[in-house]
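Take a look at the structure below.
The values are calculated or read from the model by the stated rules, or taken from the named source; none is laboratory data. All of these numbers come straight from a predicted model, not from anything done at the bench. For neighbour counting, all protein chains shown are included, and Cβ atoms are generated from backbone atoms with ideal geometry for every residue, glycine included.
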Amino acid sequence: MKIFHFVTLTLSACLIYSQAAQSHDMLIKVQDSVTIYTDRGTKELDRLELWPFPQSIHYTTNTTVTGRFCYAESMTQFEDVCEKAHPPLQSGVLDQWIILTMFDKVATNNLMNEIKSKRTIIGIIIGATTQIESSIVYQSPLISLVPSIQFERLMQYSIPFSLATETQSGLDITIVQSHLYDESCGHLDLLTYYSYILTCVYFLVLGTWVTLTWYIYGVWSDHNRAFGTSGNLLQRALTVIPALKLVKTFIFAQYASACPWNDQLSARYMMMALVTTSTIYQTTLITMFLLISKGWPLIRQSLNREEALHLMLMMGALWNGKHQDTHWSIYQYALRSTILHYLQEQHNSK
């Protein structure tokens, strides 16, 4: 009965793992949007989907702001064209602004720094061709990104461009900028517990493995090596497999338990550690199998240069086929270095 429960738990965890790995949207849904209204917010004119900006304190919250819309590339332009030129003199006109600007490395950074002292600016929408990275986590305002192909469509509703349209000189337009953060981390609970259990199992396996291969049978292996045998060299080399698997499983358990990853900086470092450990583990595992297939260290103690080159070429082909998007993989660097070294020696020998 216990075996049945263990098998059921294992299969359930594997199913959840596969589902979580295939779809990150199943766990967390992050969506930004902007809706344009007229007639004091009663008539919807348009609605656009935006990109979320992760380096913001609002990223892990549900936030909605409403204000008037102004296109400005600098704080001076905002004050002259929008804030001072169109003060909230009418009853019911909002004294809060959402700025639209096209991304420029210098101008946008200066604008973001000056916005901190402006309480009337509650949102900013930045036009960009790709996702913008930042080393700073912004406290305010709410930040969203609009694809550059949609920028002009959104710009027509902003002051001063909306002043030339048919909608009451453009002053009646208000926009609602929304950021939705929906989490479903309950799917990871069983997977997290299962990963911690696997971590304990691998810790026991590693401890037993090290004790047997490095201590109990260590003297026996050293004695046999004096007679020309390899002893337990292979078993010692294979110690790296459960060690890397232990680290990988523990990091994954930590990463899964941190859902919904409110601290984006820590989550990125954890993901980098997970990817790096997984890369090293998989390449090491395949390398060990290929070395054993070549007879190391059972019937031979080393490989010649040609065999080593063929091994590196095979590993590079396998790795590139499995991870086409991982351009920085370890074996790509090792493969290039080995080939260049081999060609250089061939050239020198001639």
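General observations
- Subset of segment 254-271 [of a type outside the set (Ser, Thr, Tyr) and within 18 Å of Ser195 (Cα to Cα)]: Gln254, Ala256, Ala258, Cys259, Pro260, Trp261, Ala267, Met270, Met271
- Scan of segment 173-201 for residues that are hydroxyl-bearing (Ser, Thr, Tyr) and within 27 Å of the chain's Cα centre (by Cα), ordered by number: Ser178, Tyr181, Ser184, Thr192, Tyr193, Tyr194, Ser195, Tyr196, Thr199
- Of all residues in segment 274-293, those that are over 11 Å from Lys248 (Cβ atoms) have Cβ atoms under 7 Å from Cβ atoms of residues that are among the aromatic types (Phe, Trp, Tyr), 6 or more apart or on another chain, in Thr283/Trp319; Thr283/Tyr331.
- Odd one out for Glu133 among (1) at pLDDT 85 or above; (2) farther than 25 Å from Thr42 by Cα; (3) assigned by TED's automatic domain parsing to the domain that holds Thr63: (1)
- Here the condition is being surrounded by 13 or more Cβ atoms within 10 Å (Cβ to Cβ), among the charged types (D, E, K, R) and modelled with pLDDT under 80; of Asp172, Asp182, it holds for Asp172 alone.
- Segment 17-55 - residue that is of a type in the set (S, T, N, Q) and either assigned to a loop (DSSP other than H, G, I, E, B) or at pLDDT 85 or above (or both) and, of those, farthest from Val176 (Cα to Cα): Ser23
- Filter result (farther than 30 Å from Gly295 by Cβ, in contact (Cβ under 8 Å) with a residue 24 or more places away in the chain and not small (Gly, Ala, Ser)) within segment 231-267: Thr249, Phe250, Ile251, Phe252, Cys259, Pro260, Trp261, Asn262, Gln264, Leu265
- Residue in segment 188-195 that is over 25 Å from Asp263 (Cα atoms) and modelled with pLDDT under 90 present: no
- Hits in segment 66-83 - residues which are part of a strand (DSSP E or B), surrounded by fewer than 21 Cβ atoms within 10 Å (Cβ to Cβ) and not small (Gly, Ala, Ser): Thr66
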